[in-house]
Amino acid sequence: MRIGHSVDVHKLEPKEDFILGGVKIEHYKGIVGHSDADCLLHSVAESLLGALALGDLGSLFPDTNDAFKNQNSSYFVEKAFEKVKEKGYKVSNIDCMICLETPKIRRYIDSMRKNIAALLNVHISQVSIKATTYEGVGPIGTEQAIETHSTVLLRKAGVKFL
C-alpha cells in the first residue's frame, strides 16, 4: 500500500469562475489560478503523485508553461492516474476536505464525488468529500481563499483486502 496527501490553496476573487471537483458553482467570487483553478482536483492529482513519490503538481505541470494556461484540471488527475497505473497500483479510496466559508457546497458534493470516481476508475463509495469552514478566521474564514486536502490510499493491482 502507498499513502499520499496533498493540500492546495487558491485565492478567491470576483469575476473568476468557481470550479470545484469538476463542478461549476455560481458564486460572487471565483477561484484564481493558472489552469481552471480547480483546487480540489489539484489536491487529488498531487496526492496520487505523492503516494508514489513522483513529486508535486508544479514540477510536472508548471504554471510558467502556457500549455497549461486555463487547462481543465481533470487533465492533471488523468495524467497522475496514468502514472499510478503504470506503477501497477489502483486507488483503494480517497478522502478529501474542502475548507471554505462560502458558498455552501453540500448540494454539489455528490456530483464532485461522481466526477472524481470516474477519473480514478473507482466506485463513488471509494470517494469521500467533506467540507468545513474556518468560522470567520484567517484568509479562508474571510473568503479570501479556499483550501483543499486530499489523502489517497493506493494498493498494488490484483491485491484484495478483506
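Below are the figures for this structure:
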| read-out | value |
| --- | --- |
| Positive-end residue of 133, 59, 80, charge dipole of segment 2-156 with Cβ unit charges | 80 |
| Extension gain, residue 53 back to residue 106 (0.36 nm per residue minus Cα-Cα distance, nm) | 15.8 nm |
| Long pairs among 11/87; 85/114; 15/104; 11/90; 29/130; 90/130, criterion Cα-Cα beyond 29 Å | 11/87; 11/90 |
| Label point distance in nm, residue 13-residue 157, each placed 7 Å from Cα along Cα→Cβ | 4.2 nm |
| Label zone at residue 28 (point 7 Å along Cα-to-Cβ), backbone N below 17 Å, segment 73-117 | 101-105 |
| Loop trypsin sites (Lys or Arg not before Pro), segment 95-130, which have at most 12 other Cβ atoms in a 10 Å radius of their Cβ (DSSP) | 104 |
| Between segment 80-119 and segment 1-71, the alpha-carbon center distance in angstrom | 12 Å |
| Debye, to nearest 20: dipole size of the chain, +1 on Lys, Arg Cβ, -1 on Asp, Glu Cβ | 880 debye |
| FRET efficiency, 1/(1 + (r/R0)^6) with R0 45 Å, evaluated for residue 66 and residue 128 via beta carbons | 0.80 |
| Considering only segment 2-156, percent of DSSP beta bridges that pair antiparallel, nearest 5 | 80 percent |
| Three-way shape call for segment 2-156 based on the alpha-carbon gyration tensor, with the a/c threshold at 1.5 | prolate |
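Each reported figure results from applying straightforward, stated rules to the coordinates on display, with no laboratory input. Keep in mind it's a predicted model, so treat the numbers as computed, not measured. With ideal geometry, Cβ positions are generated from the backbone for all residues, glycine too; neighbour counts draw on all protein chains shown.
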